[in-house]
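Novice: There's a structure below that I have some questions on.
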Amino acid sequence: MLENSCALVLAAGKGTRMHSGDRPKVLAELLGRPMLWYVHRALAPVFEDRVHTVVGHGADLVAAAFPEHKDRFIHQAEQLGTGHALQVAWPRLKALGLRYVVVVNGDTPLLDTASVEKLTERAASSGAAVTFLTISPEGENAYGRVLRDESGAVLGIVEKRDFDQSKHGPEPREVNAGIYCLDMERVAPLLDWLGNSNKAREYYITDLVELAMADQEGVEAVECGSDEGLMGVNTPAELVLAEERLRESIVAGHAASGALIRNPAACRIGPEATIAPGADITGPCEITGQAVLARSCRVEPFCHVIESWLAEGSLVRSFSHLEQAEVGPGCVVGPYARLRTGSVLEEKAKVGNFVEMKKAVLGKGSKASHLTYLGDAEIGAGVNIGAGTITCNYDGRNKHRTVIRDGAFIGSNTALVAPVEIGADALVGAGSTITKNVSPGHLAVTRAKQAEVRKRK
Ligand code: UD1
Ligand code: CA
């Protein structure tokens with residue numbers, strides 16, 4: 001059945017209740033990845049490249065965030081409802097010549113592959129024209145209510161705002177999760193019957209249920225009880241709730257596989273981070289993007305590690321910020337260090353407090369212990385960078401490189417005006433402004449001679 005099916009993600013809505021301005025709701029992020037990313041991730045194992053996405057509001061922004069999905073975007077210029085989104089997508093889906101389409105609301109980021117498989121298996125075994133997932137959450141909610149008759153057969157779905165006890169009877173707890181499997185050939189004739197005579201004046205996909213029943217086509221509701229993985233995210237509060245569920249499960253997963261996660265409630269770890277068993281993390285911290293933390297590395301509290309690699313035995317001390325950085329084995333970073341894109345620390349290098357690096361390599365065993373900026377720099381092994389050293393890499397137009405060869409010693413408060421090269425084992429006197437290359441093994445000083453003048457009485 002799965003080879004005979006495709007998926008359609010509905011992601012064209014603005015998401016007014018999210019209050020995210022021009023940014024469409026499906027781009028709202030959980031642990032550093034947009035909602036839609038999670039939905040695609042859940043669908044990919046089942047449908048591979050047969051996942052289409054309806055976009056509309058902020059389509060350019062969605063396309064920029066998902067270039068790999070762009071070819072399978074379907075544009076819904078005006079967003080007239082979930083049923084309308086399906087109508088707009090239908091010709092593209094039909095052209096695929098497949099039997100089933102699984103339609104998923106793009107605002108269901110906690111959806112997992114198992115739930116999708118449960119849906120498709122039931123659709124295949126029941127032979128229903130419309131199969132959908134239901135949940136029965138506790139408390140107030142805005143989901144579509146599932147109506148059943150006394151025998152338990154599904155009659156339809158009524159949106160909360162359209163629900164009228166006098167007409168529909170007592171309000172059921174069972175609601176629609178917004179994930180459907182449609183038998184395309186049998187649903188096709190029903191599409192033309194979707195109307196918009198409801199409070200929102202929208203074409204609802206949910207009306208397909210009642211239409212299928214009226215046409216004697218089978219309808220199957222798959223009850224998923226209190227499964228929070230099917231929650232829809234419409235508001236900032238729901239986003240936070242979903243993100244928290246996700247966070248807990250990611251942290252628990254790493255802890256179960258042997259990472260030492262202290263203060264787990266305060267660790268925010270993104271879905272793509274790799275944390276090896278034996279890595280030692282103390283929250284609060286944030287580890288996002290494709291970060292890799294090796295065995296026996298250690299991250300102390302209040303650090304943010306983005307898309308960075310921490311090798312075995314490396315130590316990142318408190319209040320450090322790393323983005324696209326590589327920290328080699330046995331290195332020490334921080335406290336209060338900032339490693340920006342392209343920072344590379346080779347084995348046992350050390351970067352101390354208030355040191356910023358960008359596109360810079362610090363060689364094996366080299367140290368920059370205090371108050372330094374190293375940008376566009378290549379620094380060899382065994383180099384000592386004194387406190388207050390600045391690579392002056394930017395002339396107002398272009399960036400230039402600084403090269404410091406093995407064993408060089410840069411005295412404190414040195415300005416290295418790039419492009420410039422300091423030779424191996426050279427020594428730069430404290431307080432110098434270096435504008436010319438320094439030969440290997442030589443001392444360079446540019447500071448003015450100290451003079452003494454007797455004070456006047
Ligand atoms: C929808 C269901 C509701 C269900 C709930 C589950 C309808 C009418 N109602 O309500 O029964 O309980 O999901 O979470 O479907 N979208 C489009 N084009 C449009 C309108 C919406 O692509 O014209 C997309 C949105 O971007 C969103 C998804 O469809 O990702 C669902 O729309 P939303 O407005 O969030 O529907 P709900 O009111 O939550
Ligand atoms: Ca929704």
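Novice: Pick from the stretch 12-57 the residues that are among the basic types (Lys, Arg) and part of a helix (DSSP H, G or I): which of them is farthest from Leu119 (Cα to Cα)? It would help to see each step written out before you state the result.
Specialist: If we filter the stretch 12-57 for residues that are among the basic types (Lys, Arg), which is where we start, we get 14, 17, 23, 25, 33, 41, 50.
Now drop any that are not part of a helix (DSSP H, G or I), which leaves 17, 25, 41.
Details: Arg17: 28, Lys25: 25, Arg41: 17 Å.
Here the answer is Arg17.
Novice: Still on this structure: Applying the selection to the stretch 323-340, what residues are in a loop (DSSP other than H, G, I, E, B) and open to solvent by less than 10 Å² (accessible area, probe 1.4 Å)?
Specialist: Once the filter is applied, which keeps residues that are in a loop (DSSP other than H, G, I, E, B) and open to solvent by less than 10 Å² (accessible area, probe 1.4 Å), the stretch 323-340 yields Gly328, Cys331, Gly334.
Novice: Collect the residues in the stretch 189-207 that are loosely packed, with under 14 Cβ neighbours inside 10 Å and touching a residue at least 40 places away in the same chain (Cβ under 8 Å), keeping them in residue-number order.
Specialist: Hits for the stretch 189-207 are Lys199, Ala200.
Novice: Filter the stretch 112-143 down to residues that are among the acidic types (Asp, Glu) and modelled with pLDDT of 95 or more and give me whichever is most open to solvent (accessible area, probe 1.4 Å).
Specialist: Within the stretch 112-143, the first condition is being among the acidic types (Asp, Glu), and the residues that meet it are 112, 117, 121, 138, 140.
Still in the list and also modelled with pLDDT of 95 or more: 112, 117, 121.
On the way: Asp112: 75, Glu117: 69, Glu121: 122 Å².
Among those that are among the acidic types (Asp, Glu) and modelled with pLDDT of 95 or more, it is Glu121.
Novice: For residues that are outside any loop (DSSP other than H, G, I, E, B) and more than 26 Å from Val305 (Cβ to Cβ), tally how many sit in the stretch 225-269.
Specialist: So the answer is 5.
Novice: Is it the case that the stretch 74-92 has a residue that's in contact with a helix residue (DSSP H, G or I) (Cβ under 6 Å, 6 or more places away or on another chain), at positive phi and within 16 Å of ligand 2 (Cβ to nearest atom)?
Specialist: no
Novice: Checking Thr282 against (1) free of Cβ contacts under 8 Å to residues at least 24 places away in the same chain; (2) crowded, with 20+ Cβ neighbours inside 10 Å: exactly one of these is not met. Which one?
Specialist: (2)
Novice: Here is a further query. Would you be able to tell me the number of residues in the stretch 237-288 that are of a type in the set (A, V, I, L, M) and touching an Asp or Glu at 6+ places or on another chain (Cβ under 6 Å)?
Specialist: Count: 1.
Novice: While we're looking at this one, here's another question. Can you tell me which residue in the stretch 237-254 is surrounded by the fewest Cβ atoms within 10 Å (Cβ to Cβ), limited to those that are within 14 Å of ligand 1 (Cβ to nearest atom) and not small (Gly, Ala, Ser)?
Specialist: Leu241
Novice: Related question: Select, from Pro45, Pro109, the only residue that is more than 15 Å from the chain's Cα centre (by Cα) and either modelled with pLDDT of 95 or more or open to solvent by 20 Å² or more (accessible area, probe 1.4 Å) (or both).
Specialist: Pro45
Novice: Something else now. Which condition number does Arg72 fail, the rest of (1) touching a Phe, Trp or Tyr at 6+ places or on another chain (Cβ under 7 Å); (2) open to solvent by 10 Å² or more (accessible area, probe 1.4 Å); (3) within 15 Å of ligand 1 (Cβ to nearest atom) being met?
Specialist: Against the list (1) touching a Phe, Trp or Tyr at 6+ places or on another chain (Cβ under 7 Å); (2) open to solvent by 10 Å² or more (accessible area, probe 1.4 Å); (3) within 15 Å of ligand 1 (Cβ to nearest atom), Arg72 comes up short only on (1).
Novice: Can you say whether Leu230 is open to solvent by less than 60 Å² (accessible area, probe 1.4 Å) and within 16 Å of ligand 1 (Cβ to nearest atom), as far as the supplied structure shows?
Specialist: Spelling it out, Leu230 is indeed open to solvent by less than 60 Å² (accessible area, probe 1.4 Å) and within 16 Å of ligand 1 (Cβ to nearest atom).
Novice: Cβ contacts < 9 Å: first residue hydroxyl-bearing (Ser, Thr, Tyr), restricted to the stretch 208-236; second residue open to solvent by 50 Å² or more (accessible area, probe 1.4 Å) and part of a helix (DSSP H, G or I), any location; separation 6+ or different chain. Result?
Specialist: Thr235/Arg17
Novice: Which ones in the stretch 148-163 are of a type outside the set (Lys, Arg) and within 12 Å of ligand 1 (Cβ to nearest atom)?
Specialist: Here is the first cut: in the stretch 148-163, the ones of a type outside the set (Lys, Arg) are 149-159, 162-163.
Once the filter is applied, which keeps residues that are of a type outside the set (Lys, Arg) and within 12 Å of ligand 1 (Cβ to nearest atom), the stretch 148-163 yields Gly156, Ile157, Val158, Glu159, Asp162, Phe163.
The values are calculated or read from the model by the stated rules, or taken from the named source; none is laboratory data. Computed from a predicted structure; not experimentally measured. When we count neighbours, we look across all protein chains shown, and the Cβ atoms used for this are built from the backbone with ideal geometry, even at glycine. Heads up: the accessible areas ignore ligands, DNA and RNA and are worked out on the full protein's heavy atoms, side chains in. Shrake-Rupley method; radii C 1.70, N 1.55, O 1.52, S 1.80 Å.
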